[in-house]
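The values are calculated or read from the model by the stated rules, or taken from the named source; none is laboratory data. Worth saying up front: this structure is predicted, and the values here are computed from it rather than measured. When we count neighbours, we look across all protein chains shown, and the Cβ atoms used for this are built from the backbone with ideal geometry, even at glycine. Heads up: the accessible areas ignore ligands, DNA and RNA and are worked out on the full protein's heavy atoms, side chains in. Shrake-Rupley method; radii C 1.70, N 1.55, O 1.52, S 1.80 Å.
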Amino acid sequence: MKNTLLLSLRRIYSCRLFIKKLAIFAISASLFIPALLHAEDQSYQSLRDWIDNYRPGDEALTPGQHLTINDRESKLEALIPHTAWKYYFFDDMDMEIAATRNYPMSDDWEKEWPVDYKLDDDGTLVGFTGGRFPFTEIHADDPMAAQKVIWNMLWRPGTNDQTMPMVTWLRGENGKLDRIMEYTSINTTYARGDHSLVPGYEEVKSKRVMEFRSPRDMAGAKDMSISYVDHHRENSGWLYMPAQRKPRRTLASERTGELMGMDMIREDNSGFGGKVYENNWEYLGKRKILATNNVKTNPEFGGDSLWVPHKTRWEVRDTHVVLIKPKREDHPYSARVVFVDAETFWTHWMFAFDAKDDQLLRMNQHFLKYSEDYDKEPPAQAPYLKQDFSETLGHKVFMHLGQTDINAKKPHATMTHCFTNKKEFTAARAKQFYSLRNMISGRR
Amino acid sequence: MLMYWNQFAKLFVFLSATLASMLSWGIINFGEDFELEGYAKTYNIMKNGASFLHDGELTHQRNTAQLEGKYYFLRDGQAFNRFSAGPIEEATFTFLGRAVYDAAYDIRDSYDVLNDRGKEEYKIREAFVDILMAPFSLRLGKQQVVWGETDNFRALDVINPLDRTWHGTRESWEDIRIPLWMARGIWDIGKIGSFDETFLEVILIPDDFKPTIVATKYPRPWAVRGIGLQNHDANSVLIGNTLHDLNVTVIDGAPDERKFSNMQGGFRFKGIWNEIDFSINYFYGFSQTTGVKVKSAGLDSFGTFNTVVETVNPRINVFGVTASFSEDRYTQSVFRLESTITSGVPVAIAAGAPRRANPNGNSFDTARQSVVMIGVDRPTWIPALNSLRTFFISTQFFWRRYLDYNNYYQGGAFYDVQPAVVNGSSVPGRYVSTNNNRLDQDEFVITFSASTSYGAAGLWKPLFVFAYDPRSTGAYNKIKMEYLYSKHLVFTLEQHLYWRVSGNDQGPWGLGSYLAEPGIRRNETVFSATYQF
């Protein structure tokens, strides 16, 4: 009886010990597991939490240092937006850190001229004709701060006037390559503040012609797009398909469907490519982030699925964080958060959340290079077109060297390398090149 | 020697896909000035009738290799990187060659009677020089020029004839247009008053006329044989109750293709007015539809009915306007409009027509014809079917009208060949034909197509096409799935269906199921594989 009692007591004791151990483990684990789970959380709320709560430590990053997965908690989690951790942190990751620099912009952009422009009630910029940033200062307490950031991004001088051969890779999970596309975009700014590049075309903001060269089922397809100074006016577009041997008018107002199998929609262009008046806006303040702001060359891709830039140069940048919420109830996004460089007004990161569940739907991140570094660190040449990069020097602008677009729900990604070079058109040549005449025939 | 060349050519068609795919893909650069692209494709058509599995026959096993090249011999005012070209800024030379071998001709014994016509094709289809001398540009050579807003029906797109011999008009028209030697000059004008993006285009075809060609020899799969018996020609005429032998002599009256008096040409003025693209077009040429004049017909002293007919391609004048407009606010659609008036359209006059309807007594007349096409393109969300991408929906309403119509107008394509019957009994080996294909003054067709893409990278691309003639109630459906398997390899599977709601009127468009009956069916299953390099 006594032995039985002792045995029972022992069992109870051991059971209590087990429970105690379990409790200690659970308490310990509770301190760590949420952080691990949190890392996988790609909800809108978790990004807002990161923006509000995560701040870089006092320890400055050293230029030239290479950050790896071991630096994740101590340095990187505070500088890479939380929603991107799942893709940007991987075992053999290698981020070279560059000094944070100031990038002088063209003196022309500082010119003042008497222009009467304003933001109207729905946040639309009215009367502005380019040539410089519309808003030289952004104040956090300005109720229109978010719109002003985006207007600076949309009218940023130096965005166009480029020849941009591109290669795009479409990859699934584990790096499965689905498609490669090659195409060239040539674009020109018409609205230059006090004048239009082509006199008589003052209503035109910019024009672009893009032509595919591979794969063969798309080779020769080209489109021309005209955007207008009047933000309320939709772009005009034409698509020439070699199989039809004639151009076809296209519709610009449909901006939410994925195109050509790529993982972005037209509205994702440069972080925000939609209409300001179709959205509600909120300025979320400034935030330091890591950006591929002035890369040496077009980055290679790494990570489990080869979706993200790897072994490239990153720079800590001050960004304006802008929250954009579509007014339309049937819009695929519930919210979009854009990180726009506070000095250059280039978009570095964009996160868009699914209207169905507020989880990440699409994101993009951009690779940029300062034009004045083209001589000492020339970027890669396109595989099908050799360019004279000396034409880029002296413009004091950022050149877009590519981006990665991820659709988190598929999951699938589109990575693009842009081999961007400056190209200045004369008025006569622009008139000839960006014309319907040029769209009625193609390479065949 | 010729035999070896043919074998070599066939070998080239078969192997070029494999070899080329190992080289590169898309456009291949040779140096900075020369580009090459192309594909090899195997295209298999199975006709199927009432029973899909048991009633099918292979009609085509068409293997195509196409090579396209572009040589930039003048850039930035420098020819061959050496010589100044004065005001000429850019110039290129483009060529497009095609080699075809249809193995069905060797596989099927019944094709022996065709004497290999249509079995092989080795052609430089297009070869032209582009010259840019702003604001003028010029394209000289063998080329295609496409005007108009209409898809797959002809109104303004009449500059190049079509080759309908191997698969009617069911293929991409880029592949079945017959390129012509011509000059095409464009003066890029730009803004004129309230007109924007204007240009004037002039085309001149000095002496290269070709009619649209159709096959008439059975059992060539797409032979235009009309209705009735497909494997017999009419060889008799029944006059009263007496059967006479029929002897038809055909005189080729098509314009001599090498005479300058046969010059064709036209112009197009295009621009934008108030965000509406518009064009005004005029073309002076020849009808590519061939008409038939009866020169003489009657019994000779041996009791044979002799008919002498002359094929004719009359002069036509085509005047047309087009417009397209992107309406973004309310309908989010692109509206397309095309309208033409054409004079000189050849028509047949029914036998026995009164003098007033057949004033020349040759059973032939020319008519004036108008066309109005209204089309709508719309990227449309159907979330239940595709949550990632829109459907591109395109519809057309096409109305053709004979302006100076008379009740004796007949279509020439739908003769009905039947066994000759005398006193209620069929006469063995004797066949007569009748033409009961009276033309309607107004002809309509409605088309609808929808396409989208599926899969993470959009590699699965379905297409649905529907065309319907409301008067004859004849209809056509195409259901197609294209799969972009890799950067080199594309597979397609498609089903063509012909059907009708009621009646047996064949209508003017060749839609409907009158050819879907046993023996003359044409429902088809098509499988193709394309290597693109």
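Within the bounds of region B:459-481, is there any residue that is open to solvent by less than 60 Å² (accessible area, probe 1.4 Å), of a type in the set (S, T, N, Q) and within 30 Å of A:I180 (Cα to Cα)? No, there is no match, as no residue in region B:459-481 is open to solvent by less than 60 Å² (accessible area, probe 1.4 Å), of a type in the set (S, T, N, Q) and within 30 Å of A:I180 (Cα to Cα). One residue stands out among those in region A:355-407 that are within 14 Å of chain B (Cβ to nearest Cβ) and buried (at least 23 other Cβ atoms within 10 Å of the Cβ): the one that is farthest from A:I80 (Cα to Cα), which is A:L361.
A single member of A:R132, A:R156 is touching a Phe, Trp or Tyr at 6+ places or on another chain (Cβ under 6 Å), more than 14 Å from chain B (Cβ to nearest Cβ) and more than 26 Å from A:Q387 (Cβ to Cβ), and it is A:R132.
If the condition is being of a type in the set (V, I, T), in a strand (DSSP E or B) and open to solvent by less than 30 Å² (accessible area, probe 1.4 Å), then region B:443-458 contributes B:V445, B:T447. Scanning region A:41-64 for residues that are at pLDDT 90 or above, open to solvent by 70 Å² or more (accessible area, probe 1.4 Å) and outside any helix (DSSP H, G or I) turns up A:T62, A:P63. Take region B:213-227 and flag every residue that is open to solvent by less than 30 Å² (accessible area, probe 1.4 Å) and farther than 23 Å from B:G56 by Cβ. Result: B:G226, single match. Considering region A:142-174 alone, what residues qualify as being of a type in the set (S, T, N, Q), over 25 Å from A:G261 (Cβ atoms) and assigned to a helix (DSSP H, G or I)? The answer is A:Q147, A:N152.
Exactly one residue out of B:N29, B:N81 is over 23 Å from the mean Cα position of the chain (by Cα) and exposed (fewer than 14 other Cβ atoms within 10 Å of the Cβ), and it is B:N81. Being open to solvent by 20 Å² or more (accessible area, probe 1.4 Å) and of a type in the set (D, E) is the filter here, so list the residues in region B:125-148 that pass it. B:D130 - this is the single residue of region B:125-148 that is open to solvent by 20 Å² or more (accessible area, probe 1.4 Å) and of a type in the set (D, E). Of the residues making up region A:194-212, those that are at the interface with another protein chain (Cβ under 10 Å from one of its Cβ atoms) and open to solvent by less than 20 Å² (accessible area, probe 1.4 Å) number 4. Checking each residue in region B:308-347 for being more than 14 Å from every other protein chain (Cβ to nearest Cβ), among the charged types (D, E, K, R) and touching a residue at least 40 places away in the same chain (Cβ under 8 Å) picks out only B:E310. For region A:123-174, which positions are hydroxyl-bearing (S, T, Y) and in contact with a His (Cβ under 6 Å, 6 or more places away or on another chain)? Scanning region A:123-174 gives a single hit, A:T124. Among the candidates A:A243, A:A252, the residue that is touching a helix residue (DSSP H, G or I) at 6+ places or on another chain (Cβ under 6 Å) and within 8 Å of chain B (Cβ to nearest Cβ) is uniquely A:A243.
Quick one: would you say B:G298 is assigned to a strand (DSSP E or B), surrounded by 19 or more Cβ atoms within 10 Å (Cβ to Cβ) and away from every other protein chain (no Cβ under 14 Å)? Taking the combined requirement at face value, the residue does not satisfy it.
Grab the strands (runs of 3 or more DSSP E) fully contained in region A:291-347, keeping just those with 1 or more residues being open to solvent by less than 30 Å² (accessible area, probe 1.4 Å) and hydrophobic (A, V, I, L, M, F, W, C). Steps first, please.
Values: elements: A:300-302, A:308-310, A:312-326, A:333-341.
Where strands (runs of 3 or more DSSP E) fall fully within region A:291-347 and carry at least 1 residues being open to solvent by less than 30 Å² (accessible area, probe 1.4 Å) and hydrophobic (A, V, I, L, M, F, W, C), they are A:308-310, A:312-326, A:333-341.
Residues in region B:500-519 that are aliphatic (A, V, I, L, M) and either at pLDDT 70 or above or open to solvent by 60 Å² or more (accessible area, probe 1.4 Å) (or both): B:V501, B:L511.
Please verify whether A:R132 is closer than 23 Å to A:K286 by Cβ, of a type in the set (D, E, K, R) and open to solvent by less than 40 Å² (accessible area, probe 1.4 Å), treating the condition exactly as stated. Taking the combined requirement at face value, the residue satisfies it. The number of residues in region B:153-181 being closer than 19 Å to A:P242 by Cβ, in a strand (DSSP E or B) and either aromatic (F, W, Y) or without any contact (Cβ under 8 Å) to a residue 40 or more places away in the chain (or both) comes to 2. Counting only strands (runs of 3 or more DSSP E) wholly contained in region A:183-267, the ones carrying 1 or more residues that are within 21 Å of the chain's Cα centre (by Cα) occupy A:204-214, A:222-228.
Screening B:R471, B:R389 for residues that are in contact (Cβ under 8 Å) with a residue 12 or more places away in the chain, within 14 Å of chain A (Cβ to nearest Cβ) and over 29 Å from B:N241 (Cα atoms) leaves exactly one candidate, B:R389. Is region A:420-431 home to any residue that is part of a strand (DSSP E or B) and open to solvent by 40 Å² or more (accessible area, probe 1.4 Å)? No, every residue in region A:420-431 fails to be part of a strand (DSSP E or B) and open to solvent by 40 Å² or more (accessible area, probe 1.4 Å).
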